[in-house]
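Each reported figure results from applying straightforward, stated rules to the coordinates on display, with no laboratory input. Remember, predicted model here, so these are calculated numbers, not experimental data. Glycine also receives a Cβ, built like all others from the backbone with ideal geometry; neighbour counts cover every protein chain displayed.
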Amino acid sequence: METIVSQSADDLAEALHDIGGVMECVVLKTCNRLELYTATDDREITRTGLEQLVNKYVPFDCDRNLVQFLSGTDSIRHLMRVSSGLESMMMGEDQIQSQVKEAFENAESKGTVGPTLSLVFRKAISVGKKVRTITRVNKGCVSIGSAAVELAEKKLGSLRGKTVLIIGAGEMATLIAKHLSGKGPDAVFVSNRTYARAVELAWVLNGKAIRFESLEDFMARSDVVLCATSANHMILERRHVEPAMSKRGEKRMMIIDVSFPRNVSQEVRDIPGVDLCDLSDLNEVAEENLERRRKEVFNAERIVKDELELLNARMEEMEAADLIRTVHVKYQSIKKREVGKALNRLRSGEKAEVVMEDLATVLVNRFLADPTAAVKSASRQGDGGLLRSTKELFALEEVGDVSAGKDEKA
């Protein structure tokens with residue numbers, strides 16, 4: 001059955017934009033999440049349209065945790081947490097922040113964002129950067145592939161200028177290669193039983209592919225050997241490693257076995273100058289780093305909370321600004337019309353004092369007509385809240401204080 005995740009971000013954005021009430025929209029689509037963000041002038045109609053869109057691809061009789069609807073402040077808080085890596089499967093991961101930025105920029109280029117989502121997404125991206133700068137929520141590798149590289153750096157001080165040999169060219173070896181990128185090794189060799197696969201991975205690393213039968217020769221030149229194959233037997237045994245170490249003199253060699261089952265014999269540990277680490281060591285490194293990240297969540301959450309309050313205040317100011325602008329447009333229109341009438345009367349020779357007095361009276365009456373009607377209606381309906389708001393809006397308490405002062409003097 002076709003699912004919503006198979007749809008392109010552009011197709012989904014187009015479908016979103018057609019939903020009633022939707023003024024702006026952004027589609028965030030990654031390998032394990034799909035999020036649809038909208039700014040609407042009719043929440044109920046848009047909610048119904050979103051349900052129909054999602055239900056077209058994901059039936060609501062499936063796991064209900066699969067689909068969540070958030071609105072208002074909850075949705076903004078969620079986006080900030082997503083951008084900060086707090087909603088990721090790997091706590092604090094960095095990639096999601098660039099994905100949020102790409103989603104926003106794509107929507108911007110398509111013309112589907114306006115002032116509301118522009119403000120929200122820019123703030124979320126900014127919060128993600130702030131969380132990663134101030135806290136350590138994204139520090140320390142928490143995957144086996146990244147932990148292998150981190151462990152090698154910890155033991156050797158740095159991989160810069162070192163020679164690395166990767167045995168294997170499958171998924172895990174590729175992940176390790178990704179984390180090796182930018183670490184500055186002097187040379188990287190890749191060996192695999194299928195030579196063509198070794199060539200592919202070596203090309204990505206700007207390294208050199210070597211034949212599997214030449215493994216021992218290149219092992220003698222390597223400071224770090226990363227073994228990551230899917231073989232169910234030993235790839236490196238004592239008889240393979242000892243000859244290589246005899247050629248290295250006093251230079252140590254670090255062997256990291258990330259294979260499951262193990263591909264490096266435990267007897268290799270007994271060879272002088274060899275440091276052997278396996279999955280148990282890597283899991284320990286990854287778990288320590290993950291625990292450190294978890295401890296940083298409180299600080300990250302506090303940043304999200306503070307920034308959300310600032311954004312809400314900014315959005316309320318925007319809403320007030322829009323309202324004030326509308327009020328000004330309305331009453332400027334009235335002023336323009338009445339001033340025009342007054343000028344015509346002056347040109348016809350009427351006395352200026354009479355015209356100005358009439359103009360002032362008309363403007364006061366026109367400006368207060370709607371508020372007066374609303375206050376009378378509120379009074380008839382017993383709406384004390386509106387009456388109190390009117391006093392505050394027109395600063396009538398101050399007028400009352402001044403009047404009282406005059407009475408006392410009298």
Those residues of segment 205-221 that are surrounded by 15 or more Cβ atoms within 10 Å (Cβ to Cβ) and either within 40 Å of the chain's Cα centre (by Cα) or under 13 Å from G168 (Cβ atoms) (or both) come to a total of 6
Within segment 148-197, of all residues that are of a type in the set (D, E, K, R), over 28 Å from the mean Cα position of the chain (by Cα) and surrounded by fewer than 19 Cβ atoms within 10 Å (Cβ to Cβ), the one nearest to M253 (Cα to Cα) is K155
Taking segment 223-259 and the residues there that are within 38 Å of the chain's Cα centre (by Cα) and polar (S, T, N, Q), the one that is nearest to A152 (Cα to Cα) would be S259
Checked against (1) under 30 Å from T73 (Cβ atoms); (2) not in a helix (DSSP H, G or I), L323 satisfies every condition except (2)
When every residue in segment 289-320 that is surrounded by 14 or more Cβ atoms within 10 Å (Cβ to Cβ) and of a type in the set (D, E) is compared, the one nearest to I76 (Cα to Cα) is E307
Within segment 292-317, residues under 22 Å from the mean Cα position of the chain (by Cα), over 18 Å from V82 (Cβ atoms) and acidic (D, E) come out as E309
Review point. Quick one: would you say V268 is over 37 Å from the mean Cα position of the chain (by Cα) and surrounded by 20 or more Cβ atoms within 10 Å (Cβ to Cβ)?
Key: yes
Taking segment 126-175 and keeping only residues that are in a helix (DSSP H, G or I) and among the hydroxyl-bearing types (S, T, Y), one is left with S126, T133, S146, T174
Pairs returned, first residue in segment 217-234 that is farther than 12 Å from M254 by Cα, second residue that is among the hydroxyl-bearing types (S, T, Y) and assigned to a loop (DSSP other than H, G, I, E, B), beta-carbon separation under 9 angstrom, 6 or more apart or interchain, are A228/S259; T229/S259; S230/S259; A231/S259; M234/S265
Listed by first then second residue, the pairs whose first member lies in segment 368-384 and is free of Cβ contacts under 8 Å to residues at least 60 places away in the same chain, whose partner is among the β-branched types (V, I, T), with beta carbons under 6 Å and at least 6 positions apart or on separate chains, are V375/T390
